[in-house]
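Some notes on the structure that comes next.
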Amino acid sequence: MSSQQRKILNIFAFRRIIIPVILGVAVIIYMIISDLTRSDLATINWRWYSVLYFFLAFLMMVVRDVAYMYRIRLLTGKEFSWRRSFDVIMLWEFASSVTPSVVGGSAIAIFILTKEKLGIGRSTAIVVVTAMLDELFYIAMVPLIFLVAGYGRASVAGPEILIAGSTFSTMNVFFIGYSVIVMLTLIIAYGIFINPGGFKWLLVKITSLKPLRKFREGANITGDQVILTSAELRGKSAGFWARAFGSTVFSWTARFWVVNFLIMAFIGPVNLADNMLIYARQLMMWVIMLISPTPGGSGIAEYFFPIFLREFIAGPAGDLTTLVALTWRVVSYYPYLIIGAIVLPLWLRRVYLGRKLISFRKTKKNPSEPKI
């Protein structure tokens, strides 16, 4: 096993798993102590629809993962079985859960796919395309959902956020983040579909400037990845892209609707207009989580959840925002830590020890041969 492989596998070490758990639990405990009271808990009035909405929230998580599995099968030309797709997606989500959101898990994802015998070119292409499809969904959905929900009501007056020594309002951070996503997606799309060689040349030229020389190696790697991706994707049909983007829409919509259904499980049915607002607020909150320095946005997600969504949960009778936030993380985040920890050793045995066992069996003497 190479040093690079050991470095990547070290990301899955127990100490890295426990950090986001501790961060998330610490923030939740603080919120419970400061926000949640007995009178709030007394306002919970379970009805038949509570069970239904909890079931729908869990169903959305299943839809999310099945859509991801379908997409990975599509991008690999169905070389992956559903079982292999499950392993890859769970490990991918596991990696995203134990690494800071601002860092991302692209290198780990490429490592996982190459160990599935796809080759570095195809593995790189799949990771780049999935990222691009995710960003395209976001770019398209933000203006659409704001049009439906109304920008004025969707806006929030959250706390100021310190970034690189400067303070920004919550809405300013959202707009900056959205603009960066649009710009990067357009640049990557240009590199993949129009001029991959020119894209790499531009990156290398920019990072040749003295203040940016430390990024030159990364620019070279990124340029090579885009060239490989372009070669792999050349000639794909419109139907292929429609299915890939459609599965992306299903997965992300299901991801966001988990919160909608959990809110309704606690407080009862919510009208369509408010559901669209909840959806819009989550789109905005996702940008904040993208710049999180903590693993999987742990702690940050729990902190900003009330800021964006309290108005849909708290009422004159009581405030259950903290309880909903805890349930949301229990349903949508912590299961990937558990499943990933179970899948990882089985996957390692399959991709590493499996080949060694096959090799051993091939060289094993025939038991019918006479002993010397």
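Only the coordinates and a few stated rules stand behind these numbers; no lab work does. All figures in this text were calculated on a predicted structure; none of them were measured in a lab. Neighbour counts run over all protein chains shown; Cβ positions are idealised from the backbone, glycine included.
Some observations on this one:
- Extended-chain gain in nm, criterion 0.36 nm per residue less alpha-carbon gap, S237 and W46: 63.8 nm
- Label-to-label distance, nm, for residues given as Y352 and S179 (7 Å Cα→Cβ offset): 4.6 nm
- Whole-Hz ³J(HN,Hα) from phi, Karplus 6.51 cos²θ - 1.76 cosθ + 1.60, for the range 73-86, glycine and proline x: 5, 5, 5, 9, x, 6, 6, 8, 6, 4, 5, 5, 4, 4
- Globularity index of the range 139-280 is 1.39 (Cα radius of gyration / 2.2 N^0.38 Å, N = number of residues).
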